[in-house]
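In what follows, a structure is listed as structure tokens, so that the remarks can point back to it.
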Amino acid sequence: MTLQQLACFCLTAQEGSFSAAARRMRLSQPSVSDQVRRLEAELGATLVVSTGRGVRLTADGQTFLVHAERVIADADEASNCIGHRTERGSRVVGLGLTRNAPYYPIDEFVSRAVAQIPDLQLRLPGQNSALVAAAVRDGDLEAALVILPVDPEGLDVRPLFSDEVLLVSADLGRTRRRARIDDLAKVPLILYDTTAGFADPTRRQLAARAQAAGVSLIPRFEVEHPETAFQLAAKGFGDTIAARAVTRSPGFPAGLSTVGFAEPLFDSFALITRPGAVPPVVQALTDILEEWGADLAEKLNP
């Protein structure tokens with residue numbers, strides 16, 4: 001059995017119906033009833049029965065409710081002890097961000113989240129999407145904004161918006177026409193996110209295209225941060241890549257020019273969570289993130 005199943009059962013008992021419990025948990029009614037049925041299957045007992053206007057507890061359900069509520073209370077106390085809640089009792093949610101998130105209006109998302117969930121506290125670690133996806137899969141984060149592709153095993157993936165990836169060069173001659181993948185194989189190449197290497201989603205796309213074209217991409221320089229790659233490119237040490245939003249940032253070097261690929265390449269952003277029901281505050285937060293992503297998609301692709 002899971003804490004989520006126990007929570008669904010306890011709220012159903014308190015509210016007297018699956019639908020009322022679902023509204024409080026911000027889940028669908030079928031999801032709540034399914035969680036309770038799974039709990040019953042685990043216990044080998046019927047806990048609630050349907051009535052004309054809702055549900056009522058069976059004798060087994062009444063007995064089990066006392067223990068279920070105690071488990072939920074103990075879990076909350078344990079969570080408080082290790083800091084998953086603030087002193088005021090508000091939930092601290094871990095939402096991972098891809099490393100390039102600062103180039104997008106994350107502040108707008110946070111403003112929306114705080115307006116709708118006033119006592120919300122967020123932990124927003126930013127790493128390469130491959131590492132962030134692993135943290136969600138392992139339960140270290142509740143959700144994340146990542147760039148695809150990531151390994152989908154153990155994850156629910158909901159696409160949000162995309163941004164075109166451009167070739168970046170200090171040589172105007174290399175950006176007069178749309179770039180081809182074999183162009184990258186012929187010039188000194190600077191790639192960032194060296195910790196993730198070719199597990200990085202954008203690099204994975206480049207590697208797949210290079211393989212299909214029968215060429216190899218061997219970077220001359222590998223650095224961790226895109227800003228370092230831009231500095232080296234501006235000095236003429238090689239070409240690099242960047243999403244269009246990154247190239248429009250105030251800190252992007254003025255001496256660099258950009259061009260898209262002949263076969264357009266995109267950073268596709270997505271919301272990832274673990275499968276199954278999620279805590280209400282996490283569900284509310286991911287709903288807000290999806291709305292923010294939809295609005296951003298219209299701005300990036302008018």
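The values are calculated or read from the model by the stated rules, or taken from the named source; none is laboratory data. It should be emphasised that the depicted structure is a prediction, and the values quoted were computed from it without experimental measurement. Ideal geometry is used to build each Cβ from the backbone, glycine not excepted, and the neighbour counts take in all protein chains shown.
Please give the helices (runs of 4 or more DSSP H) falling wholly within the range 56-153 in which 1 or more residues are modelled with pLDDT of 90 or more, of a type outside the set (Ser, Thr, Tyr) and under 22 Å from Leu11 (Cα atoms).
Working: elements: 59-81, 106-116, 129-137.
In the range 56-153, the matching helices (runs of 4 or more DSSP H) lie at 59-81.
Residues being in contact with a Pro (Cβ under 8 Å, 6 or more places away or on another chain) and not in a helix (DSSP H, G or I): count how many of those fall in the range 1-33.
Going through the range 1-33 one residue at a time, the tally reaches 2.
Working only within the range 175-194, note down all residues that are among the hydrophobic types (A, V, I, L, M, F, W, C), crowded, with 16+ Cβ neighbours inside 10 Å and out of contact with any Pro (no Cβ under 7 Å at 6 or more places or on another chain). First the steps, then the outcome.
In the first step, residues of the range 175-194 are kept if they are among the hydrophobic types (A, V, I, L, M, F, W, C); the result is 179, 181, 184-185, 187, 189-191.
Add one more test, that the residue is crowded, with 16+ Cβ neighbours inside 10 Å, and what stays is 179, 181, 184, 189-191.
Of everything in the range 175-194, those that are among the hydrophobic types (A, V, I, L, M, F, W, C), crowded, with 16+ Cβ neighbours inside 10 Å and out of contact with any Pro (no Cβ under 7 Å at 6 or more places or on another chain) turn out to be Ala179, Ile181, Leu184.
Scan the range 52-78 residue by residue and report those that are without any contact (Cβ under 8 Å) to a residue 12 or more places away in the chain and aliphatic (A, V, I, L, M). So that I can check it myself, show each step before the final result.
The initial filter retains those residues of the range 52-78 that are without any contact (Cβ under 8 Å) to a residue 12 or more places away in the chain, namely 52, 59, 62-63, 66-67, 70, 73-74, 76-78.
Of everything in the range 52-78, those that are without any contact (Cβ under 8 Å) to a residue 12 or more places away in the chain and aliphatic (A, V, I, L, M) turn out to be Ala59, Val66, Ala73, Ala78.
Return yes when Leu167 is more than 30 Å from Arg220 (Cα to Cα), crowded, with 17+ Cβ neighbours inside 10 Å and not charged (D, E, K, R) and no when it is not. Even if it seems obvious, please write down each step before you answer.
Numbers: more than 30 Å from Arg220 (Cα to Cα): no; crowded, with 17+ Cβ neighbours inside 10 Å: yes; not charged (D, E, K, R): yes.
Here the answer is no, as Leu167 does not meet what is asked.
Which one is modelled with the lowest pLDDT among residues in the range 195-221 that are more than 18 Å from Val165 (Cα to Cα) and crowded, with 17+ Cβ neighbours inside 10 Å? Reasoning before the result, please.
Step one: list which residues in the range 195-221 are more than 18 Å from Val165 (Cα to Cα), which gives 195-196, 211-216, 218, 220-221.
Okay, now just the ones that are also crowded, with 17+ Cβ neighbours inside 10 Å, so 196, 221.
Details: Ala196: 89, Phe221: 96.
Filtering the range 195-221 for residues that are more than 18 Å from Val165 (Cα to Cα) and crowded, with 17+ Cβ neighbours inside 10 Å, the one modelled with the lowest pLDDT comes out as Ala196.
All but one of (1) within 27 Å of the chain's Cα centre (by Cα); (2) within 29 Å of Glu153 (Cα to Cα) hold for Phe230; which doesn't?
With (1) within 27 Å of the chain's Cα centre (by Cα); (2) within 29 Å of Glu153 (Cα to Cα) applied to Phe230, the lone miss is (2).
Which numbered condition trips up Ser169, out of (1) under 25 Å from Val146 (Cα atoms); (2) in contact with an Asp or Glu (Cβ under 8 Å, 6 or more places away or on another chain); (3) not acidic (Asp, Glu)?
The one condition Ser169 does not meet is (1).
For the subset of the range 259-286 comprising residues that are β-branched (Val, Ile, Thr) and under 26 Å from Pro149 (Cβ atoms), which member is modelled with the lowest pLDDT? So that I can check it myself, show each step before the final result.
Step one: filter the range 259-286 for residues β-branched (Val, Ile, Thr), giving 259, 272-273, 278, 281-282, 286.
Subsequent filtering for residues that are under 26 Å from Pro149 (Cβ atoms) retains 259, 272-273, 278, 282, 286.
Numbers: Val259: 97, Ile272: 95, Thr273: 92, Val278: 70, Val282: 85, Thr286: 92.
Across the range 259-286, the extreme among qualifying residues is Val278.
What tally of residues in the range 223-242 results from selecting those that are of a type in the set (D, E, K, R) and either buried (at least 16 other Cβ atoms within 10 Å of the Cβ) or within 20 Å of Glu164 (Cα to Cα) (or both)?
Looking only at the range 223-242, we keep the residues that are of a type in the set (D, E, K, R), and these are 224, 227, 235, 239.
Right, trim to either buried (at least 16 other Cβ atoms within 10 Å of the Cβ) or within 20 Å of Glu164 (Cα to Cα) (or both) and you get 227, 239.
The number of residues fulfilling the criteria is 2.
Determine whether Leu256 is surrounded by 16 or more Cβ atoms within 10 Å (Cβ to Cβ), at pLDDT 95 or above and within 23 Å of Arg176 (Cβ to Cβ). Break it down into steps so the answer makes sense when it comes.
Details: surrounded by 16 or more Cβ atoms within 10 Å (Cβ to Cβ): yes; at pLDDT 95 or above: yes; within 23 Å of Arg176 (Cβ to Cβ): yes.
Taking the combined requirement at face value, the residue satisfies it.
Counting just the residues of the range 249-295 that are within 24 Å of the chain's Cα centre (by Cα) and of a type in the set (Val, Ile, Thr), which one comes out nearest to Ser33 (Cα to Cα)?
Val278
Could you run through the range 88-140 and say how many residues are over 21 Å from Glu153 (Cα atoms), crowded, with 18+ Cβ neighbours inside 10 Å and either without any contact (Cβ under 8 Å) to a residue 60 or more places away in the chain or of a type in the set (Phe, Trp, Tyr) (or both)?
Residues that pass the stated criteria total 4.
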